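One structure is given here, and the rest of the page talks about it.
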Amino acid sequence: MSKAKITALYADEDGNIFDAPGVMALGRTGYDDVPLRPQDLILLPDTADIMFLPQRRPLGQKDGEKLPISGQAVAAILPAGYTRLFLPSFAREEEAAPLPLYGYTALALYKDDIYAAAVYTDPNEKWDPASYNTADLKRRIAQVKKDLPHNRLVPHLANCSLKWHCCTAQNLFYRRWEAGLPTSPVCNANCLGCISLQASECCPSPQSRIKFEPTPDEIAQIGIYHLETAPDGIISFGQGCEGEPSLAYSRIVPAIKKIREKTKRGQININTNAGFTEGIAKIVDAGLESMRVSIISAIEESYQKYYRSGYRLEDVKNSIKYAAAHGVHISLNMLYFPGFNDSKKEAAAWRAFLREVPVNMIQVRNLNLDPDVFCAQMGDFSNPLGTKMFFGGLKGEFPDLCVGSFSHYQKK
């Protein structure tokens, strides 16, 4: 094991980052602050962002004692494909406002460089940030607007591309890979960390929700336009800029039929909470090929604390079973919070869930939420196994289960 020190970091009022000599860096898992170890760290990716956490003092350890450091706490926002192992450790001031909806990761100085407490979950060149927000994006958007001049989804996705820098929105204009196809302005859940709609007293949403209901023809036109030419083309209902797409089944079903009458190329996917089984079943019957299910817990009580939905976890299971029985590739979009999903109670429930419900893949997503807001809502959880042990245990019992971060194109 390396003898290099792992030192706490902080920022001053001007945003300059310093190390705190002699103070060991801590990471947070659940409610607990623990010393970071070399095996917990990777060199901070070039495309990561460093954020300052206002009204929060970083915590470190010296002579075996936890202590606050004068200055402002810092955290990394990791690019897609990386899973955080620890949250930043900090002491929150009493009047501090909730943090914006990002996935905050612990940082430290190690071997004279900045390291993050994370692991690279899914190497995938399609999601390299260098492939997005390119100089020719506006020109490409103008071309699609010219090609599809009366389709309201085009300006909506253009706004998502330029204002929110959404990768799946941009892929429509790059004519490649997975392209988002939003359909639903309404939802049947009230997720604590919803990224498109938040109560005014909470933190602002990082993007705006679609405000209209696209017609089956508008949906089909986008789908055909993309799938006919895009390499490894996927169209995905259920983007961050919308609610629950299965509620729009009356428009999605005829759209899928129109798409498949015109082209058999590519893959039709839905990102869903899967709580509305009737809608999911109709979309499956229309020709759905893959389904990614947003989920945070395999325990009903914990699930409801986060989703605050009008359906039950049993409905989610029924939707997955129906889709899998009809040949749909099933992924879980696991919203991951270190110390919660990997707690012993949750880990046991996940293993029971996977024994009951057929799942091909787990896509791990760093939960974008203020850690204190999440913990206050979810209540007590403890005895974490650790992220690596948690997923290693799942792979041990379910060796065919793929664990990654992205939707993988399913060759026909």
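The values are calculated or read from the model by the stated rules, or taken from the named source; none is laboratory data. Note that the coordinates shown come from a computational prediction; the quantities given were computed from them, not determined experimentally. Cβ coordinates were reconstructed from backbone atoms using ideal geometry, including for glycine residues, and neighbour counts include every protein chain displayed. For the accessible areas, the whole protein counts, side chains as well, though only heavy atoms, and no ligand, DNA or RNA atoms are used. Shrake-Rupley method; radii C 1.70, N 1.55, O 1.52, S 1.80 Å.
The ellipsoid equivalent to the alpha-carbon distribution of the range 1-62 has semi-axes of 19, 15, 13 angstrom, derived from the gyration tensor eigenvalues as √(5λ) and listed largest first. On a per residue basis, the range 38-184 carries 46 Å² of accessible surface, using protein heavy atoms and a 1.4 Å probe.
Which angle between 0 and 90 degrees, to the nearest 10, do you get for helix 277-286 versus the longest principal axis of the chain when only C-alpha atoms count? For helix 277-286, the angle is close to 50 degrees. Assuming a ≥ b ≥ c are the square roots of the Cα gyration tensor eigenvalues, decide whether the range 125-190 counts as rounded (a/c under 1.5), prolate (otherwise, with a/b larger than b/c) or oblate. Oblate, since a/c reaches 1.5 and b/c is not below a/b. For the range 274-360, the solvent-accessible area with a 1.4 angstrom probe is 33 square angstrom per residue. When you restrict to C-alpha pairs under 8 Å that are six or more residues apart and normalise by the size of the chain, the relative contact order lands at 14 percent. Rounded to the nearest 10 degrees, the angle from helix 153-163 to the longest Cα principal axis of the chain is 20 degrees. For the chain, a Gaussian network of Cα nodes joined below 10 Å ranks Gly238, Gly27, Gly379 by mean-square fluctuation, and the top entry is Gly379. Determine the shape class of the chain: with a ≥ b ≥ c the square roots of the Cα gyration tensor eigenvalues, call it rounded for a/c under 1.5, and otherwise prolate if a/b is greater than b/c, oblate otherwise. Judged from the Cα gyration tensor, the chain comes out prolate (a/c at least 1.5, a/b above b/c). The overall shape of the range 85-140, judged from the alpha-carbon gyration tensor, is oblate: a/c is not under 1.5, and a/b is no greater than b/c.
Between the range 222-268 and the range 311-330, what is the C-alpha centre distance in whole Å? The two parts, judged by their Cα centres, are 19 Å apart.
Measure nothing but the geometry: give the 0 to 90° angle between the long axis through the Cα atoms of 313-325 and the longest principal axis through the Cα atoms of the chain, rounded to 10°. That helix lies at roughly 50 degrees to the long axis. The relative contact order of the range 40-129, computed from alpha carbon pairs under 8 Å that lie at least 6 residues apart in sequence, is 34 percent. Heavy-atom accessible surface of Asp147, to the nearest 10 Å², is about 70 Å², with a 1.4 Å probe and all protein chains retained. Only protein atoms count toward the accessible area here, which uses a 1.4 Å probe; on the chain, the carbon and sulfur part of that area reaches 51 percent. Largest to smallest in accessible area, the residues Thr29, Thr229 fall in the order Thr229, Thr29 (1.4 Å probe, all protein chains included). Accessible area of Glu213 (1.4 Å probe, protein heavy atoms only, ligands and nucleic acids ignored): about 110 Å². In this view, the solvent-accessible surface of Met24, computed with a 1.4 Å probe and all protein chains in place, comes to about 80 Å². Using a Gaussian network model of the chain in which every pair of alpha carbons under 10 angstrom is joined by a spring, one finds that among Gln221, Gln239, Gln363 the greatest mean-square fluctuation is at Gln221.
The residues neighbouring Ala230, those whose beta-carbon lies less than 10 Å from its own, together hold a net charge of 0 under the Lys/Arg +1, Asp/Glu -1 convention.
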